[in-house]
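One structure is given below, encoded as structure tokens.
The values are calculated or read from the model by the stated rules, or taken from the named source; none is laboratory data. Owing to the predicted nature of the structure, the values given are computational and were not obtained by experimental measurement. Glycine gets a Cβ as well: all are built from the backbone with ideal geometry, and neighbour counts include every protein chain shown. Quick note on the areas: whole protein, heavy atoms, side chains included, nothing else; ligands and nucleic acids left out. Shrake-Rupley method; radii C 1.70, N 1.55, O 1.52, S 1.80 Å.
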Amino acid sequence: MNNKNIFVACDTSNIKEIRKIITSLKNNKLKITPKFGLQFFYSKNGRSFLEKFEKDFWLDLKINDIPQTALSAIDSLKDLKKCKYITVHANGGLNMLKAVKKHAKKINKNLKVLGVTILTSLDNVSLKEIGHTRNVQQLVLRQAALIKKSGCDGIVCSPQESKMIRKKFKNLLIITPGIRLPGDKLNDQARVMTPKDAFNNKASGVVMGRSLTNGNIKKNIKKLIDHLGK
Ligand code: C5P
């Protein structure tokens with residue numbers, strides 16, 4: 001079970017809640033890394049909390065801008081010494097992905113850059129609405145090729161695409177949000193799987209938010225351990 005990476009989405013702007021989540025993630029046999037996103041980072045105390053945070057974490061900002069702005073954004077994060085993963089959106093294009101990866105290497109050689117593909121809240125109907133003519137799988141595959149070409153370390157996609165990506169790109173980290181424990185509500189997610197199915201579909205790590213953080217976190221972790229052990 002130890003080689004299964006679990007990234008816990010700490011999606012709140014309340015420091016007390018964040019502390020409660022972090023404490024509840026301790027003392028179990030899982031390999032857990034916290035993930036902080038827009039809600040916490042944009043909050044009044046979020047950034048300064050992360051500056052002093054003493055454990056490795058993932059900063060999920062899904063940067064999507066012109067290359068210079070994107071790499072400058074990464075530069076502004078260099079004081080966050082424990083930030084081990086950052087995300088950039090594949091929609092920003094090859095030059096942006098390359099620029100971010102190159103700059104990330106300069107500021108911290110251990111910082112992994114993950115390229116985000118089509119969000120797990122979107123399905124083929126949403127893609128049509130946006131104006132895409134390719135389906136989810138075709139687009140994610142195309143974005144994965146860009147991410148690989150850029151030299152980025154990994155890809156964020158739905159577990160429904162992870163097997164297909166693994167077949168083509170053997171060495172990419174594949175991290176999958178859109179994860180629910182059996183029976184949990186999907187909420188705004190569209191392309192979902194259980195953690196066990198995601199690992200069986202070649203995910204290197206899974207992102208879990210509400211399935212773990214809603215209700216009693218310790219109990220939810222126990223549920224996850226039982227689920228993975230079956
Ligand atoms: O609560 P839930 O497990 O749905 O949370 C998923 C987390 O993963 C959120 O923090 C969300 O921002 C993030 N994420 C996602 N889909 C992506 C990339 C990141 O849901 N494609």
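Couple of notes before you dig in:
- Within the stretch 98-133, being surrounded by 15 or more Cβ atoms within 10 Å (Cβ to Cβ), small (G, A, S) and part of a helix (DSSP H, G or I) holds for A99, A104.
- Some residue of the stretch 189-199 being open to solvent by 50 Å² or more (accessible area, probe 1.4 Å) and closer than 26 Å to L97 by Cα: no
- Selected residue (criterion: nearest to the ligand (Cβ to nearest atom)) from residues of the stretch 24-48 that are more than 18 Å from K223 (Cα to Cα) and in a loop (DSSP other than H, G, I, E, B): G37
- Within the stretch 185-203, the set of residues being more than 10 Å from Q160 (Cα to Cα) and within 11 Å of the ligand (Cβ to nearest atom) comprises K185, L186, N187, D188, Q189, A190, P195.
- Taking every residue in the stretch 138-152 that is more than 19 Å from L122 (Cβ to Cβ) and pairing it with any residue that is among the charged types (D, E, K, R), at least 6 positions away or on another chain, the pairs with Cβ-Cβ distances below 7 Å are S150/K98; S150/K101; G151/K98; G151/K101; C152/K101.
- Meets criteria (charged (D, E, K, R), within 16 Å of the ligand (Cβ to nearest atom), modelled with pLDDT of 95 or more and crowded, with 21+ Cβ neighbours inside 10 Å) for K62: no
- Selection status of I165, within 16 Å of the ligand (Cβ to nearest atom), in a strand (DSSP E or B) and within 15 Å of V116 (Cα to Cα): no
- All positions within the stretch 1-39 that are aromatic (F, W, Y) and without any contact (Cβ under 8 Å) to a residue 60 or more places away in the chain: F36
- Residue in the stretch 134-154 that is open to solvent by 10 Å² or more (accessible area, probe 1.4 Å), more than 19 Å from A90 (Cα to Cα), more than 13 Å from the ligand (Cβ to nearest atom) and of a type outside the set (G, A, S) present: no
- Of the residues in the stretch 49-56, at least one is at pLDDT 95 or above, assigned to a loop (DSSP other than H, G, I, E, B), more than 30 Å from K202 (Cα to Cα) and open to solvent by less than 80 Å² (accessible area, probe 1.4 Å).
- Scanning the stretch 203-230 for residues that are crowded, with 17+ Cβ neighbours inside 10 Å and part of a loop (DSSP other than H, G, I, E, B) gives A203, S204, G209.
- Condition met for L80 (under 18 Å from the mean Cα position of the chain (by Cα), assigned to a loop (DSSP other than H, G, I, E, B) and free of Cβ contacts under 8 Å to residues at least 60 places away in the same chain): yes
- Positions within the stretch 116-133 being within 13 Å of the ligand (Cβ to nearest atom) and either within 16 Å of K98 (Cβ to Cβ) or touching a Leu at 6+ places or on another chain (Cβ under 8 Å) (or both), in sequence order: V116, T117, I118
- Qualifying residue in the stretch 100-108 (condition: within 16 Å of the ligand (Cβ to nearest atom), touching an Asp or Glu at 6+ places or on another chain (Cβ under 7 Å) and not aliphatic (A, V, I, L, M)): no
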